Structures are given as C-alpha cells and as structure tokens.
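What follows is calculated from the coordinates using simple rules that are stated; it is not laboratory data. These numbers come from a predicted model, not from an experiment. FYI the Cβ positions are ideal-geometry reconstructions off the backbone, even for glycines, and counts take in every protein chain you see.
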Amino acid sequence: MAFPTPVNSAVTDSITQANVGVLGVAPAVAMGELYLATSQALANSAANATKNQQENYIMAGAATAVGVALLNKVAAKIKSA
C-alpha cells in the first residue's frame, strides 16, 4: 500500500500496480520491436538484392546484344573484303 496521501489509497495502489505492469512487460516489448525492425531490414535487403540482380540481367542482355551486333558488323566487313 502507498504512503498516506490525500488521494484514496485504492487509486494510488491501482496506479502503482499499473506502473509495475508496464515495467514488467517493457523488456518483452523492446525485444519484439527489435525483432520487428530486424526482420524489416532483412526483408528490405532481400528485395534490394533481387532488384539489383534483375538490373544486372538487363545490363548483361544489353551488353550481349551490343557485342553480337559488333561481331556481325566485323564479320560483314571481312566477308565483303
């Protein structure tokens, strides 16, 4: 029970118990927030890796097309000579 106050002791006891409850669950809430932030960061990392891989495939396709066009141009010059 709380020290004598001008407020009803049942009210102060109730607030004290609520505060103790908040302090009791704080570590679990903090760990939950940590897990949530970590999982979000990992999901963003996986999404970025997929996007980068797709862009690399596009660049590789474009480079292959340019290379083949260049080889065709060189082959055509050799054939005409």
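Points to keep in mind about this one:
- Filter result for the condition that a residue is at negative phi, exposed (fewer than 10 other Cβ atoms within 10 Å of the Cβ) and hydroxyl-bearing (Ser, Thr, Tyr), over 39, 80: 80
- Check on residue 20, assigned to a helix (DSSP H, G or I), without any contact (Cβ under 8 Å) to a residue 40 or more places away in the chain and of a type in the set (Val, Ile, Thr): yes
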